[in-house]
1. Over the Cα atoms of the range A:213-297, Rg to Rh with Kirkwood Rh, two decimal places?
2. Computed on protein heavy atoms with a 1.4 Å probe, what is the summed buried accessible area for the chain pair A and B, in Å² to the nearest 100?
3. Taking R0 as 30 Å, what FRET efficiency do you get between residue A:34 and residue B:53 from their Cβ-Cβ distance, rounded to the nearest 0.05?
4. When the dipole is taken about the Cα centre of chain A, and only Lys, Arg (+1) and Asp, Glu (-1) are charged at their Cβ, what size is it in debye, to the nearest 20?
5. Quick one: which bits of the range A:289-307 get at least 50 Å² less accessible when the partner protein chains are in, versus the chain alone, with a 1.4 Å probe?
6. Rolling a 1.4 angstrom probe over the protein heavy atoms, how many square angstrom per residue are accessible across the range A:1-87?
7. Of all GluC sites (Glu not before Pro) in the range A:197-294, which ones are in loop regions per DSSP and have a Cβ with at most 15 other Cβ atoms within 10 Å?
8. Which residue fluctuates the most in chain A, going by a Gaussian network model with Cα springs under 10 Å, if the choices are A:169, A:108, A:38?
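The values are calculated or read from the model by the stated rules, or taken from the named source; none is laboratory data. A quick note: this is a predicted structure, and the numbers were derived from the prediction, not measured. Positions of Cβ are generated from backbone atoms using ideal geometry, with glycine treated the same way; all protein chains shown enter the neighbour counts. With ligands, DNA and RNA removed, areas are computed over all heavy atoms of the protein, side chains included. Shrake-Rupley method; radii C 1.70, N 1.55, O 1.52, S 1.80 Å.
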Amino acid sequence: MGIGAGVAAFRVPMRVWQQAAPYLFLVGLLLLVVVLIPHLGREVNGSRRWIPLGFANLQPSELMKFLAVLYAADYTTRKAAFMYDFRKGFLPMAAVMLVVGALLLREPDFGAFVVIISIAMGILFLGGLNWKVFAALVVVLLVGFVLLILTSPYRLQRVLGFMDPFADPYGKGYQLSHALIAFGRGEWLGLGLGGSIEKLFYLPEAHTDFLLAVIAEEFGFIGVAVVIALFGWLIVKAFLIGHRAAQLERNFCALVAQGIGIWIGVQALINMGVNVGLLPTKGLTLPFLSFGGSGIIANCLAVAILLRIDWEHRQMMRGKTF
Amino acid sequence: MLYAARAPQPSAELDFSLLWLAMGLLAIGLVMVYSASIAIAEAARYTITMVSTICCGKVFS
C-alpha cells in the first residue's frame, strides 16, 4: 500500500501539491477531530489514535506529519514577505499549530505533537523567520513542554522512569531497562537474525517503538551504525534536493524537501534517543522500519515527493518547465 | 535558470540512490518487524489452537 501510495504521489506535479496543501491540511485536521469521537476512534493502551476502516486502521497523526510539511511550506512561501513580521508572519501559523497540538494532546500523542511542531518551526526558520522570534519561540516551547510534563502524571512517570530505569526495573523503568539489556547483549556484532531474547515477551512494543533495540541485539553496534548511516544519508539527500530547489528559486519545493528532512531526522533521532535512554519514552516509531501502516504510507509519500522534486529538477535541466 | 545553464545535465531520469535507500530501509524494517513480532503471532496462533482443541474435546467427550 505504501509503495502504491508513493507511485501515485510521484505522478502528481509539485504545482498541484502546493495548490492542494491547505485543503489537504484541513482534511488532516478533520481526521484528528474524527479520531476523538467515541465509537469512531479506536483506543489502545489509553490512547485514542486510530480510526478503524475495516481492512486497516488509519492513524491520522502520522498522515498529519506529511500534511504539516506541505502546509507549512505553502504558508511560508505565500507569506515570504511577512516573515520578519511577528503578527502577520508568525502568529497565524502559531494559531494553527496550537489547534493541531490541542487535538494531538487530546488523543494523547505527545510524540507526534513534538515532531509536527519541529517541522513547522524548522520550515518557518528556513523560510526566513526573524531569528529573535525563533529564539523566543524555542524558549516558550521548552517551558511549555516542561509544563505539559509536570501537569500530566503519566508523562511525569515516563520522564522519571527514563532517568534511572534500573531503580524500578519492574515498573516505570521496565521498557527502557529491557531495551538497554538488548543493546548490551548485542555487543559489537549482535547475536544474529532471530537471536534476540528480549523480543520474546520481555521487551514490550519490540516491533514498533523499540525495534532499534531488537536490531541492536541481533546485529550489534554495526547494525545500529548502518541504520544510523542510512538515515543520515536520507536526510542529507533531502537537504541537497532542497538546496537545489532553492537555487532554482522553487521555494515551495525547497521547503518541502527540507521539511521532509527535518521530519525524518527529528523522528528518527527521538526514537533512537528513547531506545538508548537519552530521551523519555514518547511512543514514536522509527520511520520506514517500525510496524505501523499509516506511518509507512506517510514515509513512502515523503520519499515520493522528494523523488518528484528531484525528477522535476532533472527535467528542468533538459529545458522543460513546470 | 542560471544554475540550470551551469550545471551538467544528469544522465538518469530519477535519483535511483534515493529510491534504493528508501527501499533498503523498508526491506530492513520488513525483516526486523517479522523477526520482532513472529513470537507474538505464533503464541496467539497456539493459544487459539489450544483453546479450540480443549473446546472440541469438551464437546465430543
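1. Numbers: Rg = 14.7 Å, Rh = 14.0 Å.
When Rh is taken as the Kirkwood radius, the ratio is 1.05.
2. Working: alone 15910 and 5940 Å², together 18610 Å².
Chains A and B together bury roughly 3200 Å² of accessible area.
3. Working: r = 42 Å, r/R0 = 1.39.
The formula returns an efficiency of 0.10 here.
4. Values: 25 positive and 17 negative charges, 235 e Å.
Value, rounded to 20: 1140 debye.
5. Listed by number, the residues meeting the 50 Å² cut-off are A:289, A:307.
6. Result: 54 Å² of accessible area for each residue.
7. On the way: sites: A:198, A:205, A:217, A:218, A:249; in loops: A:198, A:205, A:249.
The qualifying sites are A:249.
8. Of A:169, A:108, A:38, the most mobile in the Gaussian network model is A:38.
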